[in-house]
Amino acid sequence: MKRNALLAVIAGFSLLLTVAAWDRLPSTASADSKNAPANTTSNGAVSAAKPLTTIPAGTKLRVSLIDGVNSDRNHPGDRFQASLAEPVVIDGKVVLQKGTRVYGRVVEAKRSGRIKGRASVELKLTEIAPKGRKPEYISTRTYMAVAPGTKKRDAAIIGGGAGVGAAIGAIAGGGAGAAIGAAVGGGAGTGTVLVTRGKEIHYPPETRLQFSLARPLEI
């Protein structure tokens, strides 16, 4: 009888120890919450993820060149760097700071011809690198520029050559000589035009250009 009572006491004590041990174990929910990722600041405080802002297509990106671009030196595929000359503001909020680095590509570069063909360049922006973030691909409409024509200059060269020839011809042989001299002088002027190229497009560093987003950009 005494033995049975002793066994009962021991069994009860063991049950109490088991219950106490189970109470001390962490719950599954607590373990999961400890293992769940959280956004924290440098001082350990939890912070919410920053929502993305969409910059719509058509937004203007005004940039200042870091690398120069020239129609007679650059070639298709050449890369260039620039930075935002003005901040990009959406709904009264600055989403891209002034000075943000951007990268671009030369789509086409043609130097001026001797007989015909004006110099031209075509450029696109391809990447943007917001401060503290990796560069992101962007798509812009092609920026195009064509050098001004030189018809007035060419006419002045030809006309000037004819005038000099006429003056020499007049001294040499009067009216007939003047006519011959004008023809010879005009031909010399035309030769000068043929060996002289037209104007080129030179964009040195710090030149400001404007691009337009072709597709929306989430930033």
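What the table below lists for this structure:
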quantity: The stretch 89-103 residues that are within 17 Å of Pro205 (Cα to Cα) and in a strand (DSSP E or B), paired with ones that are of a type in the set (Phe, Trp, Tyr) and open to solvent by less than 30 Å² (accessible area, probe 1.4 Å) (beta carbon under 8 Å, 6 or more apart); calculated: Tyr103/Phe80
quantity: Yes/no for Arg105 being touching a Ser or Thr at 6+ places or on another chain (Cβ under 7 Å), modelled with pLDDT of 95 or more and farther than 14 Å from Arg62 by Cα; calculated: yes
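The values are calculated or read from the model by the stated rules, or taken from the named source; none is laboratory data. The model shown is predicted, which means the values in this text are computed figures rather than measured ones. Every residue, glycine as well, gets a Cβ built from its backbone with ideal geometry; the counts of neighbours run over all protein chains shown. Side chains included, ligands, DNA and RNA excluded: accessible areas come from the protein's heavy atoms. Shrake-Rupley method; radii C 1.70, N 1.55, O 1.52, S 1.80 Å.
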